[in-house]
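Step one of this worksheet: look at the structure below.
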Amino acid sequence: MKILVLHGPNLNLLGSREPGVYGTVTLAGIDAALVALAGELGIEVEICQSNSESALIDKIQSAAGSCLGILSGPGVTSPPWPWDRLRASGWRAICWASGHFLTILKKDCHRGPMCARNDRISTARGYLDRFGVDAVVFFGLANIRYLAGFTGSDGVLIVTREGGCFLTDSRYTTQASFEVAGVEVREYRGKTEGVTSLLKGELVKKVGVEAEHTTVALFRTIADALPEVDFVPIGGELDELRLTKDPEEIRFLEKSAAIASTALLEILPLIRPGAAEREIALALEFAMKRAGADEKSFDFIVASGPRGALPHGKASDRVLGRGELVTLDFGAVYRGYHSDETVTVAVGEPDLRQKEIYGIVKEAHDLAMAKVRPGVTFKELDDTARDYIGEKGYGQYFGHGLGHGVGLDVHELPVVSFRNEGRVEEGMVFTIEPGIYIPEWGGVRIEDTVLVEGDGCRLLTKVPKELMVL
């Protein structure tokens, strides 16, 4: 068996360009390890690196008949692919795997991101017809990561009818060559100049702009630079691309939730009278990092005693007292995917009213959870929890929506609210988080993140939600 290994643009610079960022490993070192690994598996490899896309395509053509499949790094090619030419050269079917070679050597690879990215780009291209535009410009980093794989902090993705292009500055071009799949990568000196230059070259007449993630100033600057182009602001509809999760996303979401839940259980002994909210939040963050989190999802909420009445009461210097309830809202990030979970615990034995209110919130949570399945409306889920809390006399103290989507953003679509008549779909991931917040007394919130499956839902968050007395 023989496999063709392709390295795309700039990989020849590994080890010499910005070693402090990308490490000192060289392409020769990677190739030597690949050859050794392939030899252990009884596989022969043929390796090709080029900064020219056409040269890589020529190599694929010449390898027809001698290689069973192709192993490539992201960014090797950009669509559209010349499939007719490849078939004519002898390829009838190509067994294709794509991944980052550094992670392959760590035995931590995932298969087929090139194909997944191409599918996502194709889905995004459907928005061109939906809004009657020739191209869509994405500025939001979550959507850019989802569609093209880029994990840096600055860049622009432009999707056209015939292809697409990711643009970034010199800080990220090498990184993008490793990460970006499914579209061409270009470097710009300035964002406005880069976007306008590419759009001019595409000869577009009408362009959609991701308005939810674009400043008014940037929108106006680009529009003024291209007065012959009609720019159309597109709202949150573009975020609908990420409404349902694929198996890889679910795996990352499960991992981020497991990290956060495990970390919370680890630091429970620190939640005691005399401990400061800020100390607990810091210990929780350290525990998450030790467990493998890339970062925390948001500034943790640790709200004790009367501060529990603050739904977003970030950790303060307040010291916990015996007999108080403490609400902790926390989450981890793993491979870019967030988790979100809330527990309320008692420091010392709770009184009757604390038990009563906790029980009401817990029952509202459980009723809503039991109702989650494909086809139910988000309004029905919200009504289930809200109506129960209202029946118990605390409706005025539950003001926020029941939940929200979780993914590359910790708050994303879908919105689980009485305002949303949309329907739940299999593969969606969102929170169920009812709460009661009483000024000068305190509050209770219980939150879990769920994955919608064919006949119901599955919990991703793992901390038990029975009242814990610490």
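The values are calculated or read from the model by the stated rules, or taken from the named source; none is laboratory data. Small disclaimer: the values here were computed from a predicted structure and weren't measured. Cβ sites come from the backbone with ideal geometry, for glycine too, and all protein chains shown count toward neighbours.
Observations on the model:
- Members of the range 130-187 found to be touching a residue at least 60 places away in the same chain (Cβ under 8 Å), assigned to a loop (DSSP other than H, G, I, E, B) and either farther than 18 Å from ASP409 by Cα or not small (Gly, Ala, Ser) (or both), listed by number: GLY132, VAL133, ASP134, PHE139, THR151, GLU162, GLY163, VAL180, ALA181, GLY182, VAL183
- Residue in the range 285-294 that is buried (at least 16 other Cβ atoms within 10 Å of the Cβ), touching a Leu at 6+ places or on another chain (Cβ under 6 Å) and not polar (S, T, N, Q) present: no
- Test: LEU408 is part of a strand (DSSP E or B), in contact (Cβ under 8 Å) with a residue 60 or more places away in the chain and not small (Gly, Ala, Ser): no
- Hey, PHE231 outside any helix (DSSP H, G or I) and not assigned by TED's automatic domain parsing to the domain that holds LYS296 or not: yes
- The listed residue being under 30 Å from LYS245 (Cα atoms), of a type in the set (A, V, I, L, M), surrounded by fewer than 16 Cβ atoms within 10 Å (Cβ to Cβ) and touching a residue at least 24 places away in the same chain (Cβ under 8 Å), out of VAL376, VAL319, VAL343: VAL376
- Residue within the range 250-270 that is modelled with pLDDT of 90 or more and in a loop (DSSP other than H, G, I, E, B) present: no
- Condition check for GLU184: out of contact with any Cys (no Cβ under 8 Å at 6 or more places or on another chain) and surrounded by fewer than 19 Cβ atoms within 10 Å (Cβ to Cβ): no
- Filter result for the condition that a residue is over 21 Å from GLY235 (Cα atoms), touching a Ser or Thr at 6+ places or on another chain (Cβ under 9 Å), modelled with pLDDT of 95 or more and among the aliphatic types (A, V, I, L, M), over LEU451, LEU402: LEU402
- The single condition from (1) farther than 24 Å from ALA260 by Cβ; (2) in contact with a Phe, Trp or Tyr (Cβ under 7 Å, 6 or more places away or on another chain) that ARG423 fails is (2).
- Residue check for TYR437: closer than 20 Å to GLU341 by Cβ, in contact (Cβ under 8 Å) with a residue 40 or more places away in the chain and among the aromatic types (Phe, Trp, Tyr): yes
- Among the residues listed as VAL450, VAL463, the single one being in contact with a helix residue (DSSP H, G or I) (Cβ under 8 Å, 6 or more places away or on another chain), surrounded by 15 or more Cβ atoms within 10 Å (Cβ to Cβ) and part of a strand (DSSP E or B): VAL450
- For the range 308-340, a tally of residues being under 16 Å from GLY274 (Cβ atoms) and not acidic (Asp, Glu) returns 9.
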